[in-house]
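Novice: One structure, pasted below without further comment.
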Amino acid sequence: DQQVKQNSPSLSVQEGRISILNCDYTNSMFDYFLWYKKYPAEGPTFLISISSIKDKNEDGRFTVFLNKSAKHLSLHIVPSQPGDSAVYFCAASGGGGGADGLTFGKGTHLIIQP
Amino acid sequence: EAGVAQSPRYKIIEKRQSVAFWCNPISGHATLYWYQQILGQGPKLLIQFQNNGVVDDSQLPKDRFSAERLKGVDSTLKIQPAKLEDSAVYLCASSVRGNEQFFGPGTRLTVL
């Protein structure tokens with residue numbers, strides 16, 4: 001049973017346009033959400049996060065939106081650049097008790113076309 | 001600041017053999033995690049340490065996998081005996097605040 005779902009395995013966007021990556025979750029105990037970016041043969045690198053008490057967090061070209069009632073979050077990248085081509089993972093944590101390991105989605109491969 | 005170090009980067013073994021992976025977290029990071037990433041999937045948590053104590057090992061297949069973190073710094077993950085389905089990338093991560101985790105480059109294991 002997948003608790004974090006990324007339903008688009010891949011996404012192709014033109015350079016300079018907006019990239020929107022989506023993520024859905026089922027576990028209402030999740031209270032912290034993160035996006036990671038991964039290049040081949042490297043570990044995931046942290047991009048941006050959002051707490052469940054917020055609905056938006058912005059960092060430069062990256063904005064994450066959280067809709068708790070829909071159990072949905074999205075990552076917006078504006079403008080998209082060639083270096084943004086990578087696999088993006090949505091992740092969540094929560095439940096308390098000190099256990100804060102992340103639950104990941106399967107990832108979305110973003111391809112930025114020139 | 002040095003990142004999370006892992007070794008080896010690649011390992012090929014035959015099924016039923018044993019293998020061990022090593023991780024050195026970022027200095028000062030009390031929390032250390034091991035994840036397994038099978039091809040086409042997202043990373044899956046195997047075990048979480050806080051200093052040298054286990055916080056969560058609910059998804060660790062304990063009949064064949066073991067992990068330890070002596071002295072609350074370096075950690076090793078062992079598989080004994082390995083199965084074909086253990087072929088994956090094994091990622092180590094560390095954190096100081098808990099939520100933002102920093103990942104190492106991973107060890108790619110191939111079991112033949």
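Novice: Taking the stated definitions as given, is B:I13 within 12 Å of chain A (Cβ to nearest Cβ), surrounded by 13 or more Cβ atoms within 10 Å (Cβ to Cβ) and touching a residue at least 12 places away in the same chain (Cβ under 8 Å)?
Specialist: Here the answer is no, as B:I13 does not meet what is asked.
Novice: Right, another one. Any residue that is of a type in the set (S, T, Y) and modelled with pLDDT of 95 or more - is there at least one of those in the stretch A:65-72?
Specialist: Checked against the condition, which is being of a type in the set (S, T, Y) and modelled with pLDDT of 95 or more, the stretch A:65-72 yields at least one hit.
For every residue, the table says whether it meets (1) touching a Leu at 6+ places or on another chain (Cβ under 8 Å); (2) more than 14 Å from every other protein chain (Cβ to nearest Cβ); (3) at positive phi; (4) part of a loop (DSSP other than H, G, I, E, B).
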{"site": "B:K62", "(1), (2), (3), (4)": "no, yes, no, yes"}
{"site": "B:A67", "(1), (2), (3), (4)": "yes, no, no, no"}
{"site": "B:K78", "(1), (2), (3), (4)": "no, yes, no, no"}
{"site": "B:P81", "(1), (2), (3), (4)": "no, yes, no, yes"}
{"site": "B:E85", "(1), (2), (3), (4)": "no, yes, no, no"}
{"site": "B:Y90", "(1), (2), (3), (4)": "yes, no, no, no"}
{"site": "B:A93", "(1), (2), (3), (4)": "yes, no, no, no"}
{"site": "B:P105", "(1), (2), (3), (4)": "no, no, no, yes"}
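Novice: If we keep just the residues of the stretch A:29-88 that are of a type in the set (D, E, K, R) and within 20 Å of A:V13 (Cβ to Cβ), which is nearest to the chain's Cα centre (by Cα)?
Specialist: Pass one, the stretch A:29-88, residues of a type in the set (D, E, K, R): A:31, A:37-38, A:42, A:54-56, A:58-59, A:61, A:68, A:71, A:84.
Still in the running and within 20 Å of A:V13 (Cβ to Cβ): A:37-38, A:58-59, A:61, A:84.
Details: A:K37: 8, A:K38: 11, A:E58: 13, A:D59: 13, A:R61: 14, A:D84: 13 Å.
Only one residue tops the list, namely A:K37.
Novice: Collect the residues in the stretch B:58-73 that are surrounded by 15 or more Cβ atoms within 10 Å (Cβ to Cβ) and under 12 Å from the mean Cα position of the chain (by Cα), keeping them in residue-number order.
Specialist: Answer for the stretch B:58-73, where residues must be surrounded by 15 or more Cβ atoms within 10 Å (Cβ to Cβ) and under 12 Å from the mean Cα position of the chain (by Cα): B:L60, B:F65, B:S66, B:A67, B:R69.
Novice: Within the stretch B:39-52, can you find the residues that are facing chain A (nearest Cβ under 10 Å) and either surrounded by fewer than 19 Cβ atoms within 10 Å (Cβ to Cβ) or over 20 Å from A:L34 (Cα atoms) (or both)? Spell out the reasoning first.
Specialist: Looking only at the stretch B:39-52, we keep the residues that are facing chain A (nearest Cβ under 10 Å), and these are B:40-48, B:50.
Listed by number, the residues that qualify are B:G40, B:Q41, B:K44, B:Q50.
Novice: While we're on this one: So, B:P105, is that one surrounded by fewer than 20 Cβ atoms within 10 Å (Cβ to Cβ), modelled with pLDDT of 95 or more and either over 24 Å from A:G94 (Cβ atoms) or not hydrophobic (A, V, I, L, M, F, W, C) (or both) or not?
Specialist: Yes: the conditions hold for B:P105.
The values are calculated or read from the model by the stated rules, or taken from the named source; none is laboratory data. As the structure is a prediction and not an experimental result, all values here were calculated from the model. No Cβ is skipped: glycine too gets one built from the backbone with ideal geometry, and neighbour counts run over all protein chains shown.
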